[in-house]
Amino acid sequence: MENKKALLSRVREIWKTPEKRSRWIVILGLCGILLIFLSSLGGKKEEPQPVSEEQTAKAYAASLQEDLTQMVEKISGAGETKVMVTLQNDGETLYAKEQKLDKDSTQTAGETVSDRESREENYVLIDGAEGRNALVRTRMEPVVKGVVVVCEGGDDPVTAARIMDAVTTALDISSAKVCITKLA
């Protein structure tokens, strides 16, 4: 109890004189700034790197290949399977736009009418980790150019027909874009 009283009397003594009070306020402010600075040094977080459309397309193709391989291997008679998928493009990204349309009509006493129309389109920008970026409205997946399926049962017409049906249905592509052959 005496310690509390002694501490309180010491605090009152410090706050009585303006010089001591301002000195302690400056010291406490500097301590606060130092703590903020030290906290920013402690845990450096790595910023996520932007993924390019080409990397996204490669990942998309790899995912398709893996999924198709698993699916075809489960077809009766297919056996061990390797699948290759080629893409026509890297996909397409559509960005949100805002449009501004101004129309002016002018009439004079002699009934001359002049119309003026101006149109302005701008991308909608949002603040992100790398600064201001355009807002993505839609991301279109890459278009499949072709599929090659190499499997142990690729020379059997019944098995090849089953694989052809499965691949063309899964990817919604024509049979002209699919090649099925026997694994050597």
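The figures follow:
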quantity	calculated
Computed over the range 93-155: relative contact order in percent, which uses C-alpha pairs under 8 Å that are six or more apart	35
DSSP-defined antiparallel bridges as percent of all bridges, the range 122-184, nearest 5	45
Of the DSSP H helices in the chain, those whose Cα atoms cover at least 15 Å axially and whose Kyte score averages 0.5 or more	18-42, 157-171
Distance violations [Cα-Cα > 18 Å] among 74/177; 74/145; 145/182; 145/177	74/177; 74/145; 145/182
Share of Cα-Cα pairs in the range 130-184 lying beyond 19 Å, as whole percent	44
Accessible carbon and sulfur surface of the range 131-184 relative to its total accessible area, %, 1.4 Å	55
Per residue accessible area in Å² of the chain, where ligands, DNA and RNA are left out and the probe is 1.4 Å	78
Positive minus negative residues near residue 6 (Lys, Arg vs Asp, Glu; Cβ under 14 Å)	+2
Sum of side-chain charges, residue 173 neighbourhood, beta-carbon under 15 Å (Lys, Arg +1; Asp, Glu -1)	-2
Phi-based couplings in Hz for the range 98-103 (Karplus 6.51, -1.76, 1.60; Gly and Pro marked x)	10, 10, 10, 10, 10, 10
Cα convex hull volume per residue for the chain (Å³)	358
Sites residue 65 and residue 137, calculated FRET efficiency, Cβ-Cβ separation with R0 35 Å, nearest 0.05	0.75
Förster radius 22 Å - calculated FRET efficiency between residue 130 and residue 98, Cβ distance, rounded to 0.05	0.55
Solvent accessible area, Å² - residue 8, 1.4 Å probe, full protein context	90
Within straight-line cross-link reach of residue 58, aspartates and glutamates at Cα separation under 16 Å, skipping those fewer than 8 residues along the same chain	66, 67, 90, 92, 141
The chain: relative contact order in percent, alpha carbon pairs under 8 Å with at least 6 residues between	20
Cα→Cβ-extended label distance, 7 Å offset, between residue 86 and residue 27, nm	7.7
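The values are calculated or read from the model by the stated rules, or taken from the named source; none is laboratory data. Bear in mind the structure is a predicted one, so any value in this text is a computation, not a measurement. Neighbour counts are summed over all protein chains in view; Cβ atoms, including those assigned to glycine, are modelled from backbone coordinates with ideal geometry. When the accessible area is computed, the model is the full protein with side chains, heavy atoms only, and any ligands, DNA or RNA have been set aside. Shrake-Rupley method; radii C 1.70, N 1.55, O 1.52, S 1.80 Å.
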